[in-house]
1. State all residues of the range 199-236 that are part of a helix (DSSP H, G or I) and near the ligand (Cβ under 8 Å from one of its atoms); if no residue qualifies, say none.
2. Go through (1) modelled with pLDDT under 95; (2) within 12 Å of the ligand (Cβ to nearest atom) for Asp245 and report which single condition fails.
3. Across the range 111-124, what is the number of residues that are more than 19 Å from Glu149 (Cβ to Cβ) and either in contact with a Ser or Thr (Cβ under 6 Å, 6 or more places away or on another chain) or of a type in the set (A, V, I, L, M) (or both)?
4. Do we have Arg369 as open to solvent by 60 Å² or more (accessible area, probe 1.4 Å) and either within 23 Å of Ala217 (Cα to Cα) or in contact with a Ser or Thr (Cβ under 6 Å, 6 or more places away or on another chain) (or both) here?
5. I want to confirm something. Restricting to the range 333-347 and keeping residues that are surrounded by fewer than 17 Cβ atoms within 10 Å (Cβ to Cβ) and in contact (Cβ under 8 Å) with a residue 60 or more places away in the chain, which single residue is nearest to the ligand (Cβ to nearest atom)?
6. Being touching a residue at least 60 places away in the same chain (Cβ under 8 Å), within 17 Å of the chain's Cα centre (by Cα) and under 30 Å from Pro223 (Cβ atoms) narrows it down to one residue among Val70, Val28; which is it?
7. Can you confirm whether Cys146 is in the same structural domain as Leu229 (by TED's automatic domain parsing) and either in contact with a Ser or Thr (Cβ under 8 Å, 6 or more places away or on another chain) or within 26 Å of Leu40 (Cβ to Cβ) (or both)?
8. What are the residues in the range 164-192 that are away from the ligand (no atom under 16 Å from the Cβ) and open to solvent by 50 Å² or more (accessible area, probe 1.4 Å), if any?
Amino acid sequence: MSAPESSALIDPQTASAEIDLTALADNVRALADLVAPAELMVVVKADAYGHGMIPCAEAARTAGATWLGVATIGEACALRAAGDSGRVFCWLFGEDEDLVRPIALGIDVAVHHPAQLSRVVAAAATAGAPARVHLKIDTGLSRNGCPPELWDDLCSDAATAVESGAVEIVAVWSHFASSDEPDHPANERQLAVFEAAVARARAAGLTVPIRHIANSAAALRMPTARFELVRVGIAAYGVDPADGDLAEQAGVRLQPVMRLRAQLLATRAVAAGAAVSYGHRWAARDATVLGLVPLGYADGIPRAGSGWGTDQGTSVEVDGRWVPVVGTVCMDQFVVDLGPGSREEVGDDVTLFGGAGAPSASDWARVCRTIGYEIVTRIGARVPRRYSGGAR
Ligand SMILES: Cc1ncc(COP(=O)(O)O)c(C=O)c1O
């Protein structure tokens, strides 16, 4: 595969997201072993959760991902353009989007409504190739997916389309609402609806070779949800899907794939009472040393991680110590309290999250009242990704 040149506009010495493709490959292998004989789809949408889609896709394939999953047709076509020729599944497209191209490229598409199936059938005729379709049943997420009351119609239309040679039904699939809470009663309810929908599809004459419903959390902690295929995103990137230890409970040791780092751009000794950053929401109680980190909310550093008053912000790691973010996170920079007598110097490396002994994306998420997914995915395009451990 070949990736376009990076358009990142921050100098990589100044700040970068270090992407460890060996860690990604190790995570993928560990997950593939856990779920076997089910196959593993590694979800690389949203630029591989901020890690860089093409290099991560390549590493995931090499480590045994027989499928790649993406949300958009653009993402799926970008994989093909980069040379990926394996199974790619794509599940979110608009009413006016061109379906001929993905079908011609052999990309699997999701269908959740009879009207959508008609569009796919028409596009397959133009493409001159059968469309590979995964029928989606809404088992209770109420996001998309075929409502159960329309399911029989969808299956019977699909059987007609199969008969005509326009489509191949590859799978029936769905998505959990609460798999990050393995004991949540909705999980069993969704599984029951799912299995009933598969039975009805088969009764309508469809062959359903593949069933898939499990994301990372379900793949880790709900063996009965693995069926023939699981769709794993966040766990492949080494972030626990819940704010806890679901992976550890499943006996899988995940390694963080992204280490977000930057250089200290300035240090300054300040007296007690010195107020810091916009709004002066934090002031030094005692004399201390402050450090300047050149990343901000434009780069995906959550403003919710600001240290205001006695509210602890996120922490970063400097020379083995965790030091707090103080004051308001700005668009391009933020300030940390290095502590009195600190010896850090301009140019020293700061790990924001992801390194050994540093805060994790989940640690940041806890402080910012969000999820690790959002922390890694929002790291902006301005931040260069530097890859190690893979082909590049
Ligand atoms: C439909 C679908 N399947 C699978 C995934 C992967 O989920 P996770 O990152 O929790 O493994 C996602 C991610 O949001 C998704 O939208």
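1. Here is the first cut: in the range 199-236, the ones part of a helix (DSSP H, G or I) are 199-203, 216-221, 223-225, 234-236.
Ser216, Ala217, Ala219, Ile234, Ala235, Ala236, listed by residue number.
2. Asp245 satisfies every listed condition except (2).
3. Narrowing the range 111-124 to residues more than 19 Å from Glu149 (Cβ to Cβ): 119-124.
Next, only the ones that are either in contact with a Ser or Thr (Cβ under 6 Å, 6 or more places away or on another chain) or of a type in the set (A, V, I, L, M) (or both) stay: 120-124.
Total satisfying the criteria: 5.
4. yes
5. So, considering only residues that are surrounded by fewer than 17 Cβ atoms within 10 Å (Cβ to Cβ) and in contact (Cβ under 8 Å) with a residue 60 or more places away in the chain, the one nearest to the ligand (Cβ to nearest atom) is Gly347.
6. Working: Val70 fails: touching a residue at least 60 places away in the same chain (Cβ under 8 Å).
Only one candidate passes the filter, namely Val28.
7. Answer is yes for this residue.
8. As a first pass, look at the range 164-192 and keep what is away from the ligand (no atom under 16 Å from the Cβ): 164-169, 183, 185, 188-189, 192.
Hits for the range 164-192 are Ser164, Glu168, Asp183, Pro185, Glu188, Arg189, Ala192.
The values are calculated or read from the model by the stated rules, or taken from the named source; none is laboratory data. Small disclaimer: the values here were computed from a predicted structure and weren't measured. Here Cβ is always computed from backbone atoms with ideal geometry, including for glycine, and neighbour counts include all displayed protein chains. Ligands, DNA and RNA are excluded from the accessible area calculation, which covers all protein heavy atoms including side chains. Shrake-Rupley method; radii C 1.70, N 1.55, O 1.52, S 1.80 Å.
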